[in-house]
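Take a look at the structure below.
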Amino acid sequence: MQGSERAPEILQVRAEAFNLQSIAHYAAGRYLKAIDAAYLGTLEKYDYAPLHRNRAKAYMARREYDKAIHSCNRAIHYFPQDAEAYSLRGAAY
């Protein structure tokens, strides 16, 4: 492994950890922290759809519908079978 290169499995584990943090913050009503945790997770693994979906949920809770739609679109782009992302996007419209 060279320089800042990381093994893909480590990136996946770190993204999942940020996803769990995002879920916990959302459940506690800390929507900005949920958004931040999801964002940090996407820095580890940008194509991990649950991070985008969880960020969309937090944006919805904050009534930031344009941002929620954008996050849903990213989740759908990386995982087109994500029914919840489609549902969230429809609710945001």
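None of the figures in this text is laboratory data; all of them are computed from the coordinates on show. What you see is a predicted model, and the numbers here were worked out from it, not measured in a lab. Every residue, glycine as well, gets a Cβ built from its backbone with ideal geometry; the counts of neighbours run over all protein chains shown.
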Phi-derived 3J(HN,Hα) across the range 32-47 with the Karplus relation (6.51, -1.76, 1.60, θ = phi - 60°), rounded Hz, x for Gly and Pro, is 5, 5, 5, 5, 4, 5, 5, 4, 4, x, 5, 5, 7, 8, 4, 9
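What dipole magnitude, in Debye to the nearest 20, does the range 1-64 give about its Cα centre under +1 on Lys/Arg Cβ and -1 on Asp/Glu Cβ?
Working: 10 positive and 7 negative charges, 79 e Å.
In debye, rounded to 20, the range 1-64 gives about 380.
Order 25-34, 67-76, 47-56 from most to least packed using the mean count of other Cβ atoms within 10 Å.
47-56, 67-76, 25-34
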So if the hydrodynamic radius of the chain is defined as the Kirkwood radius over C-alpha pairs, what does Stokes-Einstein give as its diffusion coefficient at 37 °C and 0.692 mPa s, in µm² per second?
251 µm²/s
Quick one: net charge of A38's neighbours, Cβ under 15 Å, K/R +1, D/E -1?
+3
Could you give each residue of the range 15-29 its phi-based ³J(HN,Hα) in whole Hz, using Karplus coefficients 6.51, -1.76, 1.60 with θ = phi - 60°, and x for Gly or Pro?
4, 5, 5, 5, 4, 5, 5, 4, 4, 5, 5, 4, 4, 8, x
Per the charge dipole of the range 16-74 (beta-carbon charges, Lys/Arg positive, Asp/Glu negative, Cα centre), the residue among A61, L40, Y26 reaching farthest to the positive end is A61
